[in-house]
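Visitor: Below you'll find the structure I mean.
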Amino acid sequence: MEKPYLILSVDTSCDDTSAAVTVNDRVISNVISSQIELHKKWGGVVPILAKRAHEERIKAVVDEALKLANTTLKRVNLLRLQSLTLSKVDAFAVTIGPGLAPALEVGIRHTKELAQKHNKPIIAVNHMEGHLLSSFACNALGHGSATNNTFPLLGLLISGGHTQLVLMHEFGIYELLGETLDDAVGEAFDKVSKMLELGYPGGPILEHLAKGGDEKAFKLPIPMRKRQDENYSFSYSGIKTALLYLIKGLKEQGKLDKKIIQDLAASFQRIVAISLIDKLEIAVKKTNPKGILLGGGVVSNLYIRHSIRRAMKKHALPVYIPYSKKLFTDNAAMIGIAAYYQSKRNNFVSDITLLDRSPNLSF
Ligand code: KG4
Ligand code: ZN
């Protein structure tokens, strides 16, 4: 292993409070305190509630990340430290955006305090770079998923907040090819689930229901298909509206039973997969990547993942996903991985006092 570089990273960009310890590209601990229960009854994330919950939890989450890291370091006999304390880390890392401003603020403030107290540098990380690099994360023993470091790689980031297609030329050099014009993929799952009064988050619920449904039962519009060669933009508002009317009609006719709901879920999921593959195919033809990187909460969806793998197999392209499910959704370990590669480029915050949130940060 290269000279070990120890990072304590923090992510509070949305509704998960997370802290992690990484040594180079290895994840030593990754603690995530989810706020799903808190936001469930509102059908989505409420920023002010998220901020308060982050404030209440951040210290305990950092302490837990440190405690778990100590156990893991001993188990795998890495670093041979007597005990890992905050004063022994090489740097702190924190997500500065994109995300909810009040939520981001909490993580940044806490990280600043830690860095100042222990006199260490801060690495400011773009949350989306974290998702993009999540497949480069290795476990404590050094086993990871994206072993192929030949570039360019094409990244598809699909979460509740973002849908982006990114060309990675190398670590630190990214080109945003396209993104959603309206809703993110995960958000579309959540909204369709809400229309069907199924609950939140909608992705896992709809995926489960889709298993028992006929994916060709309903003919839904394929988003952005007409504009195939023009750009890489995604859009999910059209399909959402189509479903809204369909559901309304079915309800009025008293036909919205379990089987129909399963068919709707399967048909919707199929169209989402097609829309993602459409754009991937165009990008593959134009950019000739060496592989595909998948990141974000929607990667949990097996149907979508398998559909993408099948499509990319025709181009003989490997598809990388993070080694652990915990790295799909928001988590601090992916921030630690992005920060490690930034440290190699000497990319540190020059004046900690000026560090601020950047809610609309892009690639
Ligand atoms: O990455 P993530 O934790 O949050 C953001 O950074 O936005 O992703 C959460 C999103 C939610 O919208 C959720 O419905 C979706 O990921 N999701 C899924 C599945 N599991 C989570 N969408 C489709 N199928 C799934 N199995
Ligand atoms: Zn995210």
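The values are calculated or read from the model by the stated rules, or taken from the named source; none is laboratory data. All of these numbers come straight from a predicted model, not from anything done at the bench. Note that we place each Cβ from the backbone using ideal geometry, even for glycine, and neighbour counts take in every protein chain shown. For accessibility, only protein heavy atoms count, side chains too; no ligands or nucleic acids. Shrake-Rupley method; radii C 1.70, N 1.55, O 1.52, S 1.80 Å.
Visitor: Out of all the residues in the range 290-302, which are open to solvent by 10 Å² or more (accessible area, probe 1.4 Å) and either more than 8 Å from ligand 1 (Cβ to nearest atom) or without any contact (Cβ under 8 Å) to a residue 60 or more places away in the chain (or both)?
Guide: The one that is open to solvent by 10 Å² or more (accessible area, probe 1.4 Å) and either more than 8 Å from ligand 1 (Cβ to nearest atom) or without any contact (Cβ under 8 Å) to a residue 60 or more places away in the chain (or both): Lys290.
Visitor: Looking only at residues in the range 280-311 that are over 25 Å from Leu209 (Cβ atoms) and of a type in the set (Lys, Arg), which one is farthest from ligand 2 (Cβ to nearest atom)?
Guide: Ranking the qualifying residues of the range 280-311, first place goes to Lys285.
Yes/no per residue for (1) more than 23 Å from the chain's Cα centre (by Cα); (2) more than 12 Å from ligand 1 (Cβ to nearest atom):
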position: Lys259; (1), (2): yes, yes
position: Ala265; (1), (2): no, no
position: Phe268; (1), (2): no, no
position: Ser275; (1), (2): no, yes
position: Leu327; (1), (2): no, no
position: Arg345; (1), (2): yes, yes
position: Thr353; (1), (2): yes, yes
position: Phe363; (1), (2): no, yes
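Visitor: Condition check: among the hydrophobic types (A, V, I, L, M, F, W, C) and loosely packed, with under 14 Cβ neighbours inside 10 Å. Does Leu264 satisfy that?
Guide: no
Visitor: Among the candidates Leu276, Leu317, Leu302, which residue alone is modelled with pLDDT of 95 or more and either under 26 Å from Asn126 (Cα atoms) or in contact with a Phe, Trp or Tyr (Cβ under 7 Å, 6 or more places away or on another chain) (or both)?
Guide: Values: Leu317 fails: either under 26 Å from Asn126 (Cα atoms) or in contact with a Phe, Trp or Tyr (Cβ under 7 Å, 6 or more places away or on another chain) (or both); Leu302 fails: either under 26 Å from Asn126 (Cα atoms) or in contact with a Phe, Trp or Tyr (Cβ under 7 Å, 6 or more places away or on another chain) (or both).
The unique qualifying residue is Leu276.
Visitor: Between a residue in the range 158-177 that is of a type in the set (Phe, Trp, Tyr) and any residue that is away from ligand 2 (no atom under 11 Å from the Cβ), which pairs come within a Cβ distance under 6 Å, given they are 6 or more apart or on different chains?
Guide: Phe171/Tyr341; Tyr174/Val166; Tyr174/Met168; Tyr174/Phe363
Table: residues versus (1) among the hydrophobic types (A, V, I, L, M, F, W, C); (2) free of Cβ contacts under 8 Å to residues at least 60 places away in the same chain; (3) in contact with a strand residue (DSSP E or B) (Cβ under 6 Å, 6 or more places away or on another chain); (4) within 21 Å of Lys117 (Cα to Cα).
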{"site": "Lys3", "(1), (2), (3), (4)": "no, yes, no, no"}
{"site": "Val10", "(1), (2), (3), (4)": "yes, no, yes, yes"}
{"site": "Val31", "(1), (2), (3), (4)": "yes, no, yes, no"}
{"site": "Val89", "(1), (2), (3), (4)": "yes, no, yes, yes"}
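Visitor: Is one or more of the residues making up the range 137-155 at pLDDT 95 or above and within 14 Å of the chain's Cα centre (by Cα)?
Guide: Checked the range 137-155: at least one residue is at pLDDT 95 or above and within 14 Å of the chain's Cα centre (by Cα).
Visitor: Now for a separate question. Looking only at the range 312-329, count every residue that is in contact (Cβ under 8 Å) with a residue 12 or more places away in the chain, open to solvent by 70 Å² or more (accessible area, probe 1.4 Å) and away from ligand 2 (no atom under 16 Å from the Cβ) and tell me the total. Outline the logic, then answer.
Guide: Initially, the range 312-329 is screened for residues in contact (Cβ under 8 Å) with a residue 12 or more places away in the chain, giving 312, 315, 317-329.
Among the residues that remain, those that are also open to solvent by 70 Å² or more (accessible area, probe 1.4 Å) are: 323, 325-326.
Remaining after also requiring away from ligand 2 (no atom under 16 Å from the Cβ): 323.
Adding up the residues that qualify gives 1.
Visitor: For the range 120-137, how many residues meet the condition of being in contact (Cβ under 8 Å) with a residue 40 or more places away in the chain and either out of contact with any helix residue (DSSP H, G or I) (no Cβ under 9 Å at 6 or more places or on another chain) or among the charged types (D, E, K, R) (or both)?
Guide: Restricting attention to the range 120-137, the residues satisfying the condition of being in contact (Cβ under 8 Å) with a residue 40 or more places away in the chain are 121-137.
Remaining after also requiring either out of contact with any helix residue (DSSP H, G or I) (no Cβ under 9 Å at 6 or more places or on another chain) or among the charged types (D, E, K, R) (or both): 128-129.
Count: 2.
Visitor: Assess whether Asn331 counts as being part of a loop (DSSP other than H, G, I, E, B) and either within 10 Å of ligand 1 (Cβ to nearest atom) or modelled with pLDDT under 95 (or both).
Guide: Yes.
Visitor: Quick check: is even one residue across the range 248-257 farther than 30 Å from Gln342 by Cβ, within 13 Å of ligand 1 (Cβ to nearest atom) and in a loop (DSSP other than H, G, I, E, B)?
Guide: Taking every residue of the range 248-257 in turn, none turns out to be farther than 30 Å from Gln342 by Cβ, within 13 Å of ligand 1 (Cβ to nearest atom) and in a loop (DSSP other than H, G, I, E, B).
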